[in-house]
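Heads up, the thing below is written out as structure tokens.
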Amino acid sequence: MKSFPPYFTWGAAAAAYQIEGAWDEDGKGPSVWDQFVRQKGTVWEGDRGDTACDHYHRYDEDVQIMEQLGLHAYRLSVSWPRIFPEGTGKVNAEGLAYYDRLIDRLLQANIEPWVTLFHWDYPYELDLKGGWLNPDSPKWFADYTTTVMKHLSDRVSNWITLNEPQCFVGLGHLSGEHAPGMKLPMAKVLQAGHHALLGHGMAVQSIRANSILPASVGWSPIVAAHYPASDSQEDRDAAMQAMHAVHPNDVWNNRWWGDPIVFGSYPEQGLRAYGSNAPRIKPGDFDIIRQPIDFYGCNVYNGHPTKAGPDGKPVLVKFPQGCPRTHFLWNVTPGALQWGAKFLSETYQLPLVVTENGLSCNDWVTLDGKVHDAQRIDFLTRYIRALHTAIEEGADVRGYFHWSIMDNFEWAEGYKHRFGLVHVDYETQKRTLKDSAYWYREVIKSKGAHLFESAIEDEAREELTLP
Ligand code: GCO
């Protein structure tokens with residue numbers, strides 16, 4: 001019987017702005033997202049995270065659900081402007097008190113809190129000073145981190161610095177689809193990215209210097225995943241090669257972000273690709289950025305099938321017409337998790353934690369009062385089995401966090417997408433466990449063995465003979 005290692009952490013994730021609501025309560029300052037959602041045409045149907053899942057007030061009920069599911073761990077994020085309404089300076093004690101309550105409640109339920117320091121809700125006051133473009137921004141982030149550490153590190157030992165630099169730098173500063181909605185030239189985008197990397201390094205230094213409990217630290221970039229279109233060695237090599245690449249006009253890559261953190265330099269190929277747009281680097285920057293980390297987190301949703309072209313170079317393979325896609329129209333590609341894990345593990349030689357994986361489905365509560373999300377169960381079965389293969393092939397994967405514990409505000413897509421194990425009715429705030437929540441509970445209880453049993457229960461049905 002296959003299963004996962006005994007130390008494997010099974011969890012679920014969410015982020016402050018996507019679930020908390022209480023956007024201006026108890027002294028919280030505005031974030032760039034509070035500002036962004038108020039501009040016309042930025043978010044689908046003009047949706048906002050003002051109330052979201054009202055988790056700020058309903059965390060007790062939500063933790064009870066997590067407890068019943070048997071989660072080992074819950075990945076949450078701290079809202080920076082809840083702690084520092086102006087980003088720096090005056091601390092908001094009520095903001096800290098909220099995280100005290102949440103963390104105490106999690107510990108009481110025997111659920112390990114994994115805390116992300118930055119999941120995109122940047123303080124608006126600091127945005128007015130240039131945000132990540134300001135050379136002081138790494139220090140601002142480190143100071144905020146220090147305050148969080150002094151307050152929460154007697155109870156929290158797992159820390160994630162930044163979530164998906166590719167998204168908040170790329171979507172936030174290049175395409176303008178996310179807050180703060182900037183469309184800047186590449187040189188500025190990469191400069192903002194460099195400051196974010198410095199922010200990561202300084203935050204890790206602060207965690208090491210201030211943590212009361214022994215700390216385990218990582219970060220959570222998105223994986224730009226490729227997997228081989230066939231079993232041939234050429235296609236395998238091509239898929240791996242594609243994951244090393246940096247492209248000149250976008251920031252969707254792995255190594256530009258990962259190399260500075262692990263190796264203390266930008267990759268040569270990236271410097272060639274970005275050319276004169278590469279950021280200005282001060283002496284000593286890489287000594288700050290490259291700090292020992294305990295795990296490499298990764299968020300994996302989908303990837304590209306890739307084959308070797310005639311010259312051996314990677315070529316993307318077109319998806320077949322009508323192939324399986326999620327409600328987001330993201331392709332169902334379990335190979336992304338297997339090969340993404342393999343790539344990160346071989347390149348960076350660090351323990352891995354899958355800090356996000358999941359899908360949005362067109363879920364609703366059916367007449368029987370339940371949510372039958374068979375596609376989520378099937379998707380997760382395929383992906384987590386693929387992760388298991390990566391482990392069998394040598395990747396040191398320590399945990400898996402499902403995105404998300406509950407349906408929530410999906411950034412520019414508003415409430416169009418439902419990513420949760422738990423369905424949320426935003427009118428009444430009623431929570432309903434989806435079939436996948438019951439299923440995930442079995443997966444956790446069986447240490448993953450349940451994944452290798454028949455995925456979808458075959459209810460007695462008459463077999464029809466097709467012509
Ligand atoms: C991201 C974020 C999450 C998203 C999730 C689904 O990847 O964009 O980390 O906040 O909600 O990934 O898109």
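The values are calculated or read from the model by the stated rules, or taken from the named source; none is laboratory data. Computed from a predicted structure; not experimentally measured. Here the Cβ is made from the backbone with ideal geometry for all residues, glycine too, and neighbour counts use every protein chain on show. These accessible areas exclude ligands, DNA and RNA; they are computed on the full protein's heavy atoms, side chains included. Shrake-Rupley method; radii C 1.70, N 1.55, O 1.52, S 1.80 Å.
Does Ala308 count as in contact with a strand residue (DSSP E or B) (Cβ under 8 Å, 6 or more places away or on another chain), within 15 Å of the ligand (Cβ to nearest atom) and within 18 Å of Ser232 (Cα to Cα)?
Working: in contact with a strand residue (DSSP E or B) (Cβ under 8 Å, 6 or more places away or on another chain): yes; within 15 Å of the ligand (Cβ to nearest atom): no; within 18 Å of Ser232 (Cα to Cα): yes.
No; evaluated as a whole, the condition is false for this residue.
Taking the conditions exactly as written (at pLDDT 95 or above and within 30 Å of Gly264 (Cβ to Cβ)), does Pro324 satisfy them or not?
Details: at pLDDT 95 or above: yes; within 30 Å of Gly264 (Cβ to Cβ): no.
It is false that Pro324 is at pLDDT 95 or above and within 30 Å of Gly264 (Cβ to Cβ).
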* To do: Can you tell me which residue within the range 144-163, out of those that are part of a loop (DSSP other than H, G, I, E, B) and over 13 Å from Leu117 (Cβ atoms), is nearest to the ligand (Cβ to nearest atom)?
  => Ser157
* Please specify each residue of the range 354-372 satisfying the condition of being in contact (Cβ under 8 Å) with a residue 60 or more places away in the chain and more than 16 Å from the ligand (Cβ to nearest atom). => Val365, Gly369, Lys370, Val371, His372
* Identify, by number, the condition in (1) under 27 Å from Ile207 (Cβ atoms); (2) assigned to a helix (DSSP H, G or I); (3) touching a Leu at 6+ places or on another chain (Cβ under 8 Å) that Tyr274 doesn't meet. => (1)
* Asked: Which pairs have Cβ atoms under 9 Å, sit 6 or more apart or on different chains, and link a residue in the range 282-309 that is without any contact (Cβ under 8 Å) to a residue 40 or more places away in the chain to one that is open to solvent by 30 Å² or more (accessible area, probe 1.4 Å) and part of a loop (DSSP other than H, G, I, E, B)?
  -> Lys282/Pro135; Phe286/Phe263; Phe286/Ser265
* **helices (runs of 4 or more DSSP H) lying entirely in the range 165-258 (those with 1 or more residues that are of a type in the set (Phe, Trp, Tyr))** => 165-173
* Structure fact -> Checked pairs for the range 400-412, first more than 30 Å from Ser3 (Cβ to Cβ), second in a loop (DSSP other than H, G, I, E, B) and of a type in the set (D, E, K, R), C-beta under 9 Å and 6 or more apart or across chains, list as Phe409/Asp47; Phe409/Arg48; Glu410/Asp47; Trp411/Glu177; Ala412/Glu177
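Going by the structure shown, is Leu316 open to solvent by less than 10 Å² (accessible area, probe 1.4 Å) and either in contact with an Asp or Glu (Cβ under 8 Å, 6 or more places away or on another chain) or more than 16 Å from the ligand (Cβ to nearest atom) (or both)? Working first, answer last.
On the way: open to solvent by less than 10 Å² (accessible area, probe 1.4 Å): no; either in contact with an Asp or Glu (Cβ under 8 Å, 6 or more places away or on another chain) or more than 16 Å from the ligand (Cβ to nearest atom) (or both): yes.
No; evaluated as a whole, the condition is false for this residue.
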* Only residues in the range 332-353 that are free of Cβ contacts under 8 Å to residues at least 24 places away in the same chain count as the first member; pair them with residues that are open to solvent by 10 Å² or more (accessible area, probe 1.4 Å), Cβ under 6 angstrom, at least 6 apart or cross-chain, and list the lot. => none
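Matching residues to (1) within 17 Å of Met66 (Cα to Cα); (2) crowded, with 21+ Cβ neighbours inside 10 Å:
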| site | (1), (2) |
| --- | --- |
| Glu392 | no, no |
| His402 | yes, yes |
| Met406 | yes, yes |
| Phe409 | no, yes |
| Gly414 | no, no |
| Thr428 | no, no |
| Tyr438 | yes, no |
| Val443 | yes, yes |
| Thr465 | no, no |
* To do: Give the residue that is nearest to Thr116 (Cα to Cα), with candidates limited to residues of the range 386-436 that are of a type in the set (A, V, I, L, M, F, W, C) and in a helix (DSSP H, G or I).
  => Trp411
